[in-house]
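Shown next, in structure tokens, is the structure this report addresses.
The values are calculated or read from the model by the stated rules, or taken from the named source; none is laboratory data. All figures in this text were calculated on a predicted structure; none of them were measured in a lab. Quick reminder, even Gly has a Cβ in these numbers, built from the backbone with ideal geometry, and neighbours come from all protein chains shown. We work out accessible area using only protein heavy atoms, side chains counted, and drop any ligands, DNA or RNA first. Shrake-Rupley method; radii C 1.70, N 1.55, O 1.52, S 1.80 Å.
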Amino acid sequence: MSRELTKKIQEIMSAEMGHIGVFIVSKQCRDLGVDPEDIEPEDLNDLAKALGKVMLTFGGSEKARKVEREIKKLAN
Amino acid sequence: MKLIDRKKEIEALENYFANARDGSGKLVLLSGEVGVGKAALAFELMKRHEKDALCIYTSVQKTKTIPYAPFLNNIDEWKGYVKTLDLPDRLRRELFSTTSISEFNVGLQERVFALFEQAFKEISENRAMIFFIDNIHWADTGTLALLSHMAESIKNMRVLIIGAYTSNVLQNDKFSDFTEFLTGLMMKDMLTSIHVENFWREDVAEFIRTFLDVESIDNAFVEKMQKASGGNPLFLDYAMDLFIKEKVVRRRKRLVISLYEINIPSSFEEIITRMLNLLPKKATTILRYASVQGTTFLMDVLKGQLKMREEEFRRYISLLEKEGMIYPVDEERYGFIHNRARDIIYETCVKKKELHREIADLIEILHEKDINTHYLELADHYFKAGAWKWASRYAAKAGDENLKLYSLGDAIFAYNMALTAQKMEKEEDTTSTGKLLLLLGNTYLLSGRWEEASASVHEAIDIFEKEGDTAFIINAYIALGDIERERSNLNEASDWYQKAMDLAREELDNRAIAKAARGLGYISWRWGNYESALSMLAEAEKISKELKDPIYGIVMVDTGNVHSALGDLKTPRKYYLKGVEALQESRNLWDLARAYNNLGDSYLQAKEWDMALEFFEKCSEIAKKAGLNNFFGWSLFNSAEALNAKGDLDAALTYLDRALPILEAMKDINGLSGVYRDYGLVHLKNGDFKKAETNLLKAMKYAKEADNTDMILDTKTDMAELYIKKGEKEKAKEILQPAMQSAKEMDARKRLERIEELLKKVK
Ligand SMILES: Nc1ncnc2c1ncn2[C@@H]1O[C@H](COP(=O)(O)OP(=O)(O)OP(=O)(O)O)[C@@H](O)[C@H]1O
Ligand SMILES: [Mg+2]
């Protein structure tokens with residue numbers, strides 16, 4: 001279940017960032033103290049914000065908002 | 001024209017430059033869509049500091065020429081600022097000497113990087129520098145490696161490097177080398193990027209007002225322009241310029257004409273087409289011919305094609321320059337200012353094939369002297385002309401040249417082109433096709449693309465077998481051994497090395513015997529067959545020493561590893577140090593990093609933590625500069641182990657947190673098992689047994705996947721220790737007894753001692 005969340009988040013990031021997306025996800029997880037192999041639904045909010053922020057410097061505000069929105073949606 | 005908006009972005013750049021000027025240099029990237037104004041931003045910064053810094057602009061060209069071109073084509077601009085006067089010449093000599101590719105050429109790339117590093121250092125001792133490279137997403141892999149190296153090197157120099165790239169390329173597979181470059185920077189915590197966005201509506205209005213030098217502007221016009229351009233400055237700039245050329249608007253005249261009279265273009269393509277229609281016929285002809293050469297073009301070749309009088313030619317060139325279509329790149333070349341303009345013009349050309357042929361022939365004649373800097377262009381033009389024989393010949397040469405300089409992505413591109421051309425030329429494959437495939441396979445191997453490497457080498461073997469080329473077959477077997485070894489498929493690797501060995505002994509091919517023996521020795525070590533490992537490696541040592549083969553340094557490190565696995569503390573160091581010396585000489589940085597890493601490890605075993613940390617630091621330094629992400633990750637988690645042992649648990653965890661994403665991205669299962677083991681060990685110390693257990697289990701999973709017997713044994717022993725601490729002696733015993741057995745089988749003294757000690761506790 002939790003590994004599934006990781007996969008979905010990686011997919012969202014890779015769709016925008018390609019190969020580098022996977023790395024960004026596990027790095028942000030580590031920075032937040034979340035085990036990348038074990039992401040819980042309650043981690044999603046922080047993670048979405050963190051990944052949105054990274055996205056801002058690569059793809060701009062529109063993509064940042066999109067990524068943040070899509071990740072938050074995974075909580076439901 | 002003055003810069004519209006961009007306050008935040010300029011402020012950020014100013015900050016980075018101020019830091020650089022104070023001695024903390026940095027690489028900063030600008031990202032954004034085509035024409036959004038990345039270059040405009042960098043130019044603005046350079047304009048502001050043209051007095052207090054040496055400002056250098058260079059652009060990567062979509063049409064490839066030589067590796068490292070963006071660093072090379074501006075030497076003249078900085079050569080006056082270096083102390084070592086012959087530095088530029090030394091660089092050119094290294095890069096353009098016509099040595100042939102034979103063995104690994106890692107050393108050459110390292111020498112080139114060191115020279116660039118020295119140049120930048122000497123310049124920055126003289127003056128602060130802003131070095132702007134545009135369009136880095138098109139860079140050859142060599143340039144990207146150099147950029148990555150320089151990012152690390154300029155940390156203490158007065159240098160700001162700015163790189164601009166189009167952000168759309170990130171999702172595109174064709175740019176995977178570039179995204180890998182970004183990932184590498186991010187791993188080192190060195191990725192600083194500023195994203196530039198299109199104009200808002202107010203900025204569009206201000207842009208138009210500034211462009212026309214008027215106070216106010218018709219609102220509806222702004223509206224329409226905003227819609228057509230999406231706020232893209234390039235579109236706006238070119239569209240306004242077009243209106244002026246079409247004489248529908250004029251500068252310093254408030255817009256009064258009715259909007260309906262202005263035909264607002266719906267695409268950038270339309271702007272270019274309408275602009276071309278306004279140019280004199282001869283000028284468009286020049287552009288057409290130039291566009292066939294590529295995004296940049298050699299002036300002498302262009303002139304040769306046009307048969308125009310010199311003076312007339314010059315006149316049209318300066319007209320096109322004035323019209324903002326082209327710009328001078330260096331003494332030999334001009335380039336299109338906007339690549340999309342070039343593409344649009346190229347599309348309108350007729351008889352492309354003939355033109356490509358004509359260009360290739362002219363380059364051959366006019367550039368005979370430095371032909372080795374034109375291989376890729378020649379290959380490309382002959383290819384597009386359908387002249388397969390020549391295309392394949394030049395593409396193979398371009399591949400060699402790029403491989404020699406370690407620009408692997410371009411080498412792969414060129415070899416593939418050579419192979420395609422050969423297939424077009426003739427039905428039957430020959431030895432030369434096989435040789436190309438083998439080179440391609442080895443290049444894939446060097447870039448870590450195992451699947452493709454294996455496929456190419458297998459294809460090569462089929463051809464060699466048909467032709468009966470034994471010497472090549474042996475080399476291909478060794479290549480397959482290397483590929484499988486790198487992929488941790490030890491059984492397959494062993495089979496290939498053995499096949500190579502049998503054949504090499506038959507043929508009395510000593511160099512190949514040494515390589516196969518090294519491969520077999522390495523695998524025996526990984527399997528825990530230390531005795532046979534030592535005898536194989538001894539053979540490899542003897543031969544490689546006699547032949548002065550660069551594999552000698554590698555053999556020394558391997559031999560050290562076996563002694564270390566046998567529980568010996570001092571002997572390994574002797575071998576590692578011999579390895580370090582040889583590897584420094586051959587500049588084999590990959591194995592040098594390995595040697596330092598293992599030296600650190602031997603001090604770790606000896607519980608000399610500070611010495612261990614020192615060597616891991618050396619390993620990390622090399623890894624960061626050479627872009628060896630795996631070693632960078634390894635040195636981080638090894639340092640964590642030393643820190644853990646020293647009792648600095650927090651620092652240890654920080655290092656592990658940095659290492660993990662790196663090794664995950666590299667899919668380095670050996671490394672991952674190491675990291676999780678260290679997490680386990682830290683938590684074991686912390687007393688957080690639950691976390692210790694989860695992490696040790698993960699370590700075990702990866703160790704098994706990697707078939708790493710040492711690691712499996714170590715992790716099992718750790719698990720036993722955990723159970724003892726938890727008071728579950730039975731569970732510990734269950735693990736320890738079989739562990740003791742395998743330690744005995746592996747003749748691993750140190751490990752056996754640890755197990756016996758733990759066993760005492762459970763009795
Ligand atoms: N902030 C700005 N103010 C005024 N003009 C601008 C601004 N930004 C860009 N321009 C103009 O827009 C055009 C395109 O800008 P520029 O070449 O810098 O874009 P780019 O992002 O580097 O494009 P490419 O992706 O094609 O390399 C240029 O003519 C430039 O002068
Ligand atoms: Mg640009």
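If you consider only alpha-carbon coordinates, what radius of gyration and Dmax does the stretch B:7-195 have, in Å?
16.1, 53
Out of the GluC sites (Glu not before Pro) in the stretch B:318-403, which ones are loop residues according to DSSP with at most 13 other C-beta atoms within 10 Å?
Answer by residue number: B:Glu331, B:Glu368.
Let me spell out the model: positive unit charges on the Cβ of Lys and Arg, negative unit charges on the Cβ of Asp and Glu, origin at the Cα centre of chain B. What dipole size does that give, in debye rounded to 20?
1440
Please compute the net charge surrounding B:Glu358, taking Lys and Arg as +1 and Asp and Glu as -1 over other residues with Cβ under 12 Å from its Cβ.
+3
By what distance, in whole Å, do the Cα atoms of the stretch B:632-763 stretch along each of the three principal axes, largest value first?
Principal axes ranked by extent give 40, 30, 22 Å for the Cα atoms.
Let a ≥ b ≥ c be the square roots of the eigenvalues of the Cα gyration tensor of chain B; is it rounded (a/c under 1.5), or, if not, prolate (a/b larger than b/c) or oblate?
prolate
With +1 on each Lys and Arg Cβ and -1 on each Asp and Glu Cβ, and nothing else charged, work out how big the dipole of the protein assembly as shown is about its Cα centre, in Debye to the nearest 20.
In total the dipole reaches around 1640 debye.
Report the relative contact order of the stretch B:382-610, percent, no decimals, based on alpha-carbon pairs under 8 angstrom and at least 6 residues apart.
9
Give me the percent relative contact order of chain B, please, defined on Cα pairs under 8 angstrom at least 6 residues apart.
9
Please compute the volume of the convex hull spanned by the alpha-carbon atoms of the stretch B:336-384 and report it per residue in Å³.
Looking at the stretch B:336-384, the number lands at 84 Å³ per residue.
If one takes the accessible area of chain A alone plus chain B alone and subtracts that of the pair, with a 1.4 Å probe, what total in Å², rounded to the nearest 100, results?
2000
Give the residue from B:Tyr477, B:Ile622, B:Ile755 lying farthest towards the positive end of the charge dipole for the protein assembly as shown; charges sit on Cβ (+1 for Lys and Arg, -1 for Asp and Glu) and the dipole is referred to the Cα centre.
After comparing all options, I get B:Ile622.
Hey, got the dipole for the stretch B:307-455? About the Cα centre, +1 on K and R Cβ, -1 on D and E Cβ, debye to the nearest 20?
Charge dipole of the stretch B:307-455: 240 debye, to the nearest 20.
Using only DSSP helix segments of four residues or longer, with each worth -39500 (n - 2.57), what per-residue ellipticity at 222 nm results for chain B after dividing by its residue count and rounding to 500?
Mean residue ellipticity, 222 nm, calculated: -22500 deg cm²/dmol.
Name the residue from B:Asn232, B:Ala706, B:Leu636 whose Cα lies farthest towards the positive end of the charge dipole of chain B, charges +1 on Cβ of Lys and Arg and -1 on Cβ of Asp and Glu.
The residue sitting most towards the positive pole is B:Asn232.
Work out the mean other chain Cβ neighbour count within 10 Å for the residues of B:653-666 and drop it here as an integer.
Whole-number average of other-chain Cβ neighbours for B:653-666 is 4.
Which values of log₁₀ I(q)/I(0), to two decimal places, follow from the Debye formula for the stretch B:382-610 at q = 0.12, 0.18 Å⁻¹ with a uniform point scatterer at every Cα?
Calculated log10 I(q)/I(0) at the listed q: -0.71, -1.30.
Of B:Met611, B:Val82, B:Gly727, which is farthest along the charge dipole of chain B in the positive direction, counting Lys and Arg as +1 and Asp and Glu as -1 at C-beta?
Most positive-ward Cα: B:Val82.
Per residue, how much accessible area does chain B show when a 1.4 Å probe rolls over the protein heavy atoms, in square angstrom?
43
Using helices alone, what [θ] at 222 nm do you get for chain A, with -39,500 (n - 2.57) per DSSP H run of 4 or more residues, divided over all residues and rounded to the nearest 500?
The helix-only estimate for chain A comes to -26000 deg cm²/dmol at 222 nm.
Which trypsin sites (Lys or Arg not before Pro) does the stretch B:289-365 hold that lie in a coil by DSSP with at most 14 other beta carbons within 10 Å?
In loop regions of the stretch B:289-365 (DSSP not H, G, I, E or B), the sparsely surrounded trypsin sites (Lys or Arg not before Pro) are B:Lys307, B:Arg309, B:Lys351.
Which of the trypsin sites (Lys or Arg not before Pro) found in the stretch B:613-688 are in a DSSP loop and have at most 14 neighbouring Cβ atoms, other than their own, within 10 Å?
Those that pass, being in a loop and sparsely packed, are B:Lys667.
Determine the relative contact order of the stretch B:367-506: mean sequence separation of Cα pairs under 8 Å and six or more apart, normalised by residue count, in whole percent.
15
Over the stretch A:1-50, give the accessible area per residue in Å² for a 1.4 Å probe, as an integer.
Accessible surface, normalised per residue, equals 44 Å².
Please report the antiparallel percentage of the DSSP beta bridges confined to the protein assembly as shown, to the nearest 5.
Within the protein assembly as shown, antiparallel bridges account for around 20 percent of the total.
Using only the alpha carbons of the protein assembly as shown, determine the length spanned along each of the three principal axes and report them from longest to shortest in whole angstroms.
100, 64, 52
May I ask for the distance between the Cα centers of the stretch B:436-473 and the stretch B:171-245, given as a whole number of Å?
Each part reduced to its Cα centre gives a spacing of 46 Å.
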